[in-house]
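Asks: One structure is given below, represented as structure tokens, and several questions about it will come after.
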Amino acid sequence: MYTLVTLRSVPDFAVGYVRDLRVRWAMEEAGQPYSVKTIGPDEQISSTYRQQQPFGQVPLLLDGEQSIFESGAILRHLGDKLGLMPSGERERQLAEMWLYAALNSVEPYFGAFAELDVFHAGEAWVEARRPGLEAMAKRRLGDLEGWLSGCEYLAGTFSVADIMMSTVLRLLESSGLMEQFPAVSAYQARCMARPAYARAMAAQVALYSAEKAAA
């Protein structure tokens, strides 16, 4: 049995965006049962948890005797174990490259742009910084547009790369930028329409709704 370790509670704005969503989605795509263990600030700084997750973050996946941290590493692990990587050698290579590209070449820029309004709304420096970050986000969307204009999913068939990329794209949901890139918008709509995504999101929302109600 897999155990997903995640946060016990988060601020309202973070519900639906905690990165355990990526792991939940992979499990749901494969029809794989899993249990959930929640932790709070005290556990996060404990020496026991830091031996499994040196940064005290989530998600953490427990797979038998193995503990795996970082959502990208977890998805790569589950991709093989749960059949969420393509079967062809070239397609597998593409899926792996796009998994890492989502984290390294795309997420930092989308995240920085999204944070302007989430964490820094009204601060004097924001409007001076916005044009540069918006330009970089559009550049990356343009890069994705070129690739996705010729394929349904990043590596041909749906894989963990698409779980990662589409969760990264969600950072721009309220920005209006994606609508300027039709292939990216269509790709995101396909990913978001998958039943496994809906189940994963519902599970995360249910966890934090129950925690809030009990507080």
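Asks: Give me the log10 of I(q) over I(0) for the chain at q = 0.10, 0.11 Å⁻¹, as the Debye formula computes it from C-alpha points; what are the numbers?
Replies: One equal scatterer on each Cα of the chain leads to -0.46, -0.56.
Asks: Same structure again: Tell me, what is the FRET efficiency for ALA198 and SER175 to the nearest 0.05, using R0 = 30 angstrom and their Cβ-Cβ distance as r?
Replies: After rounding to 0.05, the efficiency reads 0.85.
Asks: Also, I was wondering about something else. Magnitude of the Cβ-charge dipole of the stretch 1-46, K/R +1 and D/E -1, about the Cα centre, nearest 20 debye? Don't skip to the end; give the middle numbers.
Replies: Numbers: 5 positive and 6 negative charges, 12 e Å.
Charge dipole of the stretch 1-46: 60 debye, to the nearest 20.
Asks: I would also like to ask the following. For ILE39, which sequence-distant residues (separation of 5 or more, or a different chain) have an amide H within less than 5 Å of its own amide H, given hydrogens modelled in the peptide plane?
Replies: THR6, LEU7, ARG8
Asks: Which one of ASP20, ASP162, ASP42 has the biggest mean-square fluctuation once the chain is modelled by GNM with Cα springs under 10 Å?
Replies: Maximum among the listed residues: ASP42.
Asks: Oh, and also: From the backbone phi of the stretch 84-89, what are the Karplus-calculated ³J(HN,Hα) couplings (6.51 cos²θ - 1.76 cosθ + 1.60, θ = phi - 60°) in whole Hz, Gly and Pro given as x?
Replies: Computed from phi, the couplings for the stretch 84-89 are 10, 10, x, 7, x, 4 Hz.
Asks: Given the options GLN51, GLN93, GLN32, state which has the largest fluctuation in a GNM of the chain using a 10 Å cut-off (strictly under) for Cα springs.
Replies: Answer for the Gaussian network model of the chain: GLN51.
Asks: Normalised by the empirical 2.2 N^0.38 Å for globular proteins, what value does the Cα Rg of the stretch 89-194 take?
Replies: Ratio of Rg to 2.2 N^0.38 Å for the stretch 89-194: 1.10.
Asks: On to the next question. Skipping prolines and chain starts, which residues have an amide H placed within reach, meaning under 5 Å, of the one on TYR2, given they are 5 or more residues away or on another chain?
Replies: Amide H neighbours of TYR2, under 5 Å, 5+ apart: SER35.
Asks: To make sure I understand, if each residue's beta carbon is the centre and we count other beta carbons within 10 Å, what order do VAL118, VAL15, VAL5 fall in, fewest to most? Intermediate results must be reported in sequence, preceding the final value.
Replies: Working: VAL118 13, VAL15 17, VAL5 23.
Neighbour counts put them in this order, fewest first: VAL118, VAL15, VAL5.
Here, each number is a calculation from the coordinates, and none is a lab measurement. Being a predicted model, the structure only gives us computed values, none of them experimental. Ideal geometry is used to build each Cβ from the backbone, glycine not excepted, and the neighbour counts take in all protein chains shown.
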